1. What's the local net charge at LEU21, with K and R +1, D and E -1, over the other residues with C-beta under 14 Å away?
2. Percent of Cα-Cα pairs more than 13 Å apart in the range 204-252, please.
3. First select every other residue whose beta carbon is under 12 angstrom from the beta carbon of LEU124; then total the charges, Lys and Arg +1, Asp and Glu -1.
4. Debye calculation, C-alpha points only, no solvent: report log10 I(q)/I(0) for the range 393-505 at q = 0.14 Å⁻¹, in the same order as the q values.
5. Could you give the length gained on full extension between LEU99 and LYS143, defined as 0.36 nm per residue of separation minus the Cα-Cα distance, in nm?
6. Would you please put 459-466, 180-187 in order of how densely packed they are, using the mean number of other Cβ atoms within 10 angstrom per residue and starting with the highest?
7. Sort largest first and round to whole Å: the equivalent ellipsoid semi-axes of the range 1-148, each the square root of five times a Cα gyration tensor eigenvalue.
8. Past the 21 angstrom mark, what percentage of all C-alpha to C-alpha distances in the range 219-312 do you count?
Amino acid sequence: MAERAALEELVRLQGEHVRELKQQKASAEQIEEEVSQLLKLKAQLGPDEGKHKFVLKTPKGTRDYNPRQMAVREKVFDTIISCFKRHGAEVIDTPVFELKETLTGKYGEDSKLIYDLKDQGGELLSLRYDLTVPFARYLAMNKLTNIKRYHIAKVYRRDNPAMTRGRYREFYQCDFDIAGQFDPMIPDAECLKIMCEILNSLQIGDFLVKVNDRRILDGMFAVCGVPDSKFRTICSSVDKLDKVSWEEVKNEMVGEKGLAPEVADRIGDYVQQHGGVSLVEQLLQDPKLSQNKQALEGLGDLKLLFEYLALFGIADKISFDLSLARGLDYYTGVIYEAVLLQTAAQAGEEPLGVGSVAAGGRYDGLVGMFDPKGRKVPCVGLSIGVERIFSIVEQRLEALEEKVRTTETQVLVASAQKKLLEERLKLVSELWDAGIKAELLYKKNPKLLNQLQYCEEAGIPLVAIIGEQELKDGVVKLRAVASREEVDVRREDLVKEIKKRTSQPPCIC
């Protein structure tokens, strides 16, 4: 072992010598001679030298979450789940991987982002890309025609992650979907209402929900002269308009996808329009679009949707945007996407979007793809982009330097004197049995000051202190950590007093 260490040191010194010669611009012959010497030394080390060193890190596009971050996540999840439940949703779960065939052909150009797994004994499997396709498979497999469900779980995409903006390869989706045959636009309007309720509750800033319809897009492509075979690929180009300029999108359509420039220009005239119900009415009168059956159906439904949105009190948050395309193949009707807005730099300027935080739409044909007889179950749903929301909430808390509680402990059981471990254990057990969230320090004789400091650091609001006198009197000294006020409470009344003082759940964000 000592010989190897000596040899490794020689390799290190020789390597430094070679680097110095290169910096000094020594002759090529001299450098070559010394490099040769370095290689000989490395050869003596044997195959272990140059062995790949294991780097301890999380895989690309993933991250760990510390207790502070998890406390924020739980708060966000609680807000979302309470809204889903308020609207009568049930909860389901599905496997994290599906048969590869289940996912194939459902995501258009995004299919290349699916994680395929190695053959595991005869079944070709892939990690789920979203929660919508597994939901459709679940409906078809169980022959369900009617359900209102939510599902919160991790999904996987072989994307180029931008983790600072909340984009990952492994991330949570929070989905809410309504499956069943209902009257037009009522479930769709409720989905948009839920989206607005959640984003308002999370208080992450002003937002706008863009709405469009796949039938309007397809009708628009038809009247503009896009060949049927290019509908989906042109749709995915239009979907990039929220990130890049119209000129760049046009160049992609013409240069990469072979669309005629005049057809692209006609598309440009439409997709750069956005507004409210008045734009819907304007397009219903459009000489070309109004002649297309699909577009006419889509516009008629959007007009009805805006009526319901006004009744729900959210019409001012919704914008009909002809550039919204949503790249996924399975959408068949209304589509929508919520974007956060940042304040315009100058008065009168358009507010600038800073990223999508929720999206969804209607997909009436997806379940039929899995049903042997092709029976369709109409569905509409939404997905909350929680990773983006987590990033925003975390940044806000850091900027405010706000303290986040990572536990829900109501009281610390402490002692003021030595040799009271048994009494502390008895008391903490009583509190646990009564449903109180309690802790104690794992030391036989902790100092009272250390116990009080622990409470301040952890944000524990109360300390139950016992000493020899308290034990004789049958009381416990209850101390409020923030105010430092102390009061003697009879042991039999302690649980009631702790519950009274901590009835409000601690806020964590």
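1. Numbers: positive: ARG19, LYS22, LYS25; negative: GLU16, GLU20, GLU29, GLU32, GLU33, GLU34.
Net of charged neighbours comes to -3.
2. Working: 760 of 1176 pairs.
So the pairs more than 13 Å apart make up 65 percent of the total in the range 204-252.
3. -3
4. -0.56
5. Working it through step by step, the gained length comes to 14.0 nm.
6. 459-466, 180-187
7. Gyration-tensor ellipsoid for the range 1-148: 58, 22, 16 Å.
8. For the range 219-312, the share of Cα pairs beyond 21 Å comes to 38 percent.
The values are calculated or read from the model by the stated rules, or taken from the named source; none is laboratory data. These figures come from a predicted structure and were not determined experimentally. Cβ sites come from the backbone with ideal geometry, for glycine too, and all protein chains shown count toward neighbours. These area figures cover heavy atoms from the full protein model, side chains too; ligands, DNA and RNA do not enter into them. Shrake-Rupley method; radii C 1.70, N 1.55, O 1.52, S 1.80 Å.
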